[in-house]
1. If R0 is 30 Å, what FRET efficiency do you get for GLU3 and GLU193 from their C-beta distance, rounded to 0.05?
2. R0 = 25 Å: FRET efficiency of VAL39 with ASP119, Cβ-based, nearest 0.05?
3. Using a 10 Å cut-off around each Cβ, can you sort PHE11, PHE117 from fewest to most neighbouring Cβ atoms?
4. If neighbour count is taken as other Cβ atoms inside 10 Å, put VAL19, VAL67 in order from fewest to most.
5. Quick one: compute a quarter of the convex hull surface over the Cα atoms of the range 2-84 and quote it in nm².
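Here, each number is a calculation from the coordinates, and none is a lab measurement. Just so you know, these numbers come straight off a predicted model, no measurement behind them. All Cβ positions, glycine included, derive from the backbone under ideal geometry; neighbour counts span all protein chains shown.
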Amino acid sequence: MTEYRAKAHGFNSEITAIVEVKNGEILKISAEGEVPNTVGALGVDNWLEEANAEHSVEVDAISGASVSTGALRKATQMAYAEATSGDVDAISSASIHNQPNNYPLLKGKFYEGDIEFDDEYDVIVVGAGGAGLSAAATAAENGASVLAIEKQGIPGGTTSLSGGVMQAAGAGSDPTTQAQVRQYLELSTKAAELLNRFLA
């Protein structure tokens, strides 16, 4: 048995795939580097479970954690390609290659002088997070021509980094708002306890 390693950048961190191979067959796939207690880590665990059950590097990325699991998938393919000199996957018959997945969608930084763009839209949404995409979809549903732009390599903005923080400015003196804030905090605490138990 020989162990092969390759790295790819996930959503939160660089992920290292470790692929144990014997006679061209995958014995075990594991990973290092994903930030614990994140959606990406949960996705990585699910991806590894399925990949190890199938003894294949051709398992699809996990929806909701596609950046991290897509990176892990790419890294395992690269490691397996090194183990087999780029041969066909003995389990899935899929061709193995070292081409990266399309994360991020834009591979380099672009500057104003590099781009020539001339077009007109009814609505231009800057930021493709939850709010921006909702605004763009609503405008499009109402017949507007829409351009949504995002500075990151993929849509999502900071929505995917939300820690459940609630802005409650001006809640100090309104008893109704105070009660709502207390109820929200109680529910959030219960949800956090359940999540911690699930992730533990």
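1. Efficiency computed from Cβ-Cβ geometry: 0.20.
2. 0.10
3. Lowest to highest Cβ neighbour count: PHE117, PHE11.
4. Starting with the residue having the fewest Cβ neighbours, the order is VAL67, VAL19.
5. So the mean shadow area of the Cα hull is 4.3 nm².
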